[in-house]
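The values are calculated or read from the model by the stated rules, or taken from the named source; none is laboratory data. Here the structure is a predicted model, which is why all the values come from computation and not from measurement. Note that we place each Cβ from the backbone using ideal geometry, even for glycine, and neighbour counts take in every protein chain shown. Ligands, DNA and RNA are excluded from the accessible area calculation, which covers all protein heavy atoms including side chains. Shrake-Rupley method; radii C 1.70, N 1.55, O 1.52, S 1.80 Å.
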Amino acid sequence: MNQQPVQVIGGGLAGTEAAWQVAQAGVAVVLHEMRPVQMTPAHHSEELAELVCSNSFGAKASDRAAGLLHEELRQLGSIIIGKADEHSVPAGGALAVDRGVFSRELTETLANHPLIELRRGEVQNIPLDAITVLTSGPLTSAALAADLQQFTGMEYMSFFDAASPIVLGESINFDIAFRASRYDKGDADYINCPMNREQYLNFWQELCAAEQAELKDFERETAKFFEACLPIEEMAKRGEDTMRYGPLKPVGLNDPRTGERYYAVVQLRQEDKAGNLWNMVGFQTNLKWGEQKRVFQLIPGLENAEFVRMGVMHRNTFINSPELLDPTLQFRKKPTLLAAGQLIGTEGYTAAAAGGWLAGTNAARIALGLPPVALPETTMMGALFAFISSASPKHYQPMPPNFGIIPDLPQKVRSKPERYGKYRDRALGDLAHWRRNIFQPLVAV
């Protein structure tokens, strides 16, 4: 049995989950996080599992891809989803959290675990003499990235990601804005800023003309954006109505005061439990900070908005996982080296936690002399990791959880809601069978 502690490099969602699963199995683990010794362009704190882009984990309903992944992780004992449930804030049909409390409690919980050593400082080389889980994320330090490139013999691939601004709630004008959730899901959990056609067109024109910040170390024309996190200004440039069919769609959002349906609606989602801070939904941006304030204050209800955090953009890098990883998240050329999170090309908070769960679980199993496991491909977790290990390497791009990667049902179901419900039922049934008959949970004595 390997007595050396497992090394987990990176204290984001994947690393936090991985370290927890290793320790819960009774195996010592060192969790390396370079912050605050070395900060990144996107992080604001030194806490573990800091949520950079948004405070939302996606749809809660288990017949949605994100919601199914939530439920699978709940059944597997994920600390990330457990804490997300514990520190959730109202967000209609989405699982959103008070990100400050969420990260602080995760940091305290891991730091107080007797088998987890939290070590601050940059790791510049992969410790190949130990069982190691790489969860250094899309902002891996230059030295570690160079070492990983040398180890794999491959260039990193990259895209650009962005975060939305956060507004002080008391600065929102409720003579104009109103509380409601789309299709009345939830309890009027969102703040909605309505626009008529004239206001929308003026906003759209100013947004298209606004000055963007220069991307660090890259020319503008080389930038590639992840479609699920497209900057609002890039979306606007795709056409006059693109935003109206995206984050500004008015469907299902009638004003409860008048019953009116508007031409476009900007939504804000609660950021903290007290309801003091509000995140502009879908407003990831790379505009200069002064331009953000000028243009976003054109939105009715936000004319006097106070921004407690402006939107930012950063480069995300990821490895060519189909060339390198197995569905167990082990490197093929070095089975004691595993990886998870955005580094491997999964997209989204829940997918990062899922990768951390599997990589951490398998690291512990290797340390205990047990064979690593892969999840059933009919589950969202299994399908996601099967995809990242078998997709076309030539055209590989980050993949969020979605039903398109799930194997077909035995019989075709035309109705999408019914089909997604059957995907869920099969996934949870197969996961339960796998847990009972194949996977024996590792629990520390």
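Out of all the residues in segment 41-66, which are small (Gly, Ala, Ser), in contact with a helix residue (DSSP H, G or I) (Cβ under 6 Å, 6 or more places away or on another chain), open to solvent by less than 40 Å² (accessible area, probe 1.4 Å) and part of a loop (DSSP other than H, G, I, E, B)? Walk me through it before giving the result.
Of all residues in segment 41-66, those small (Gly, Ala, Ser) come to 42, 45, 49, 54, 56, 58-59, 61-62, 65-66.
This time we only want the ones that are in contact with a helix residue (DSSP H, G or I) (Cβ under 6 Å, 6 or more places away or on another chain), so: 49, 58-59, 61-62, 65-66.
Next cut, open to solvent by less than 40 Å² (accessible area, probe 1.4 Å) only: 49, 58-59, 62, 65-66.
Hits for segment 41-66 are 49, 62.
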For this session: Can you confirm whether segment 327-343 contains a residue that is of a type in the set (Ser, Thr, Tyr) and within 20 Å of the chain's Cα centre (by Cα)?
Result: no
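Regarding residue 109, is this residue surrounded by fewer than 24 Cβ atoms within 10 Å (Cβ to Cβ), out of contact with any Cys (no Cβ under 8 Å at 6 or more places or on another chain), touching a residue at least 24 places away in the same chain (Cβ under 8 Å) and assigned to a helix (DSSP H, G or I)?
On the way: surrounded by fewer than 24 Cβ atoms within 10 Å (Cβ to Cβ): yes; out of contact with any Cys (no Cβ under 8 Å at 6 or more places or on another chain): yes; touching a residue at least 24 places away in the same chain (Cβ under 8 Å): yes; assigned to a helix (DSSP H, G or I): yes.
Yes; evaluated as a whole, the condition is true for this residue.
Tell me which residues, restricted to segment 192-215, are more than 17 Å from residue 289 (Cα to Cα), within 31 Å of the chain's Cα centre (by Cα) and open to solvent by 30 Å² or more (accessible area, probe 1.4 Å).
The initial filter retains those residues of segment 192-215 that are more than 17 Å from residue 289 (Cα to Cα), namely 192-202, 204-205.
This time we only want the ones that are within 31 Å of the chain's Cα centre (by Cα), so: 192-195, 200, 204-205.
Of everything in segment 192-215, those that are more than 17 Å from residue 289 (Cα to Cα), within 31 Å of the chain's Cα centre (by Cα) and open to solvent by 30 Å² or more (accessible area, probe 1.4 Å) turn out to be 204, 205.
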Exercise. Quick one: how many residues across segment 348-369 are surrounded by fewer than 24 Cβ atoms within 10 Å (Cβ to Cβ) and outside any helix (DSSP H, G or I)?
Worked result: 2
Problem set entry | Residue match in segment 127-136 (condition: closer than 22 Å to residue 21 by Cβ, assigned to a loop (DSSP other than H, G, I, E, B), of a type outside the set (Phe, Trp, Tyr) and under 21 Å from the mean Cα position of the chain (by Cα)) | yes
Exercise. If you scan segment 283-299, which residues turn out to be part of a loop (DSSP other than H, G, I, E, B) and surrounded by fewer than 20 Cβ atoms within 10 Å (Cβ to Cβ)?
Worked result: 288, 297, 298
For this session: Name every residue in segment 95-146 that is under 30 Å from residue 187 (Cα atoms) and of a type in the set (Asp, Glu), in order of residue number.
Result: 98, 105
Exercise. Could you count how many residues in segment 394-407 are modelled with pLDDT of 90 or more and either under 22 Å from residue 158 (Cβ atoms) or open to solvent by 90 Å² or more (accessible area, probe 1.4 Å) (or both)?
Worked result: 1
For this session: For residue 303, state whether it is acidic (Asp, Glu), out of contact with any Asp or Glu (no Cβ under 7 Å at 6 or more places or on another chain) and in a helix (DSSP H, G or I).
Result: no
Exercise. When segment 370-393 is examined, which residues are found to be within 21 Å of residue 22 (Cβ to Cβ) and either in contact with a His (Cβ under 9 Å, 6 or more places away or on another chain) or surrounded by fewer than 24 Cβ atoms within 10 Å (Cβ to Cβ) (or both)?
Worked result: 370, 371, 372, 373, 374
For this session: Determine which single condition residue 19 fails, assuming it passes every other condition in (1) of a type outside the set (Lys, Arg); (2) part of a loop (DSSP other than H, G, I, E, B); (3) over 17 Å from the mean Cα position of the chain (by Cα).
Result: (2)
Exercise. Out of 134, 168, 139, 118, which single residue is surrounded by 17 or more Cβ atoms within 10 Å (Cβ to Cβ), at pLDDT below 95 and among the hydrophobic types (A, V, I, L, M, F, W, C)?
Worked result: 139
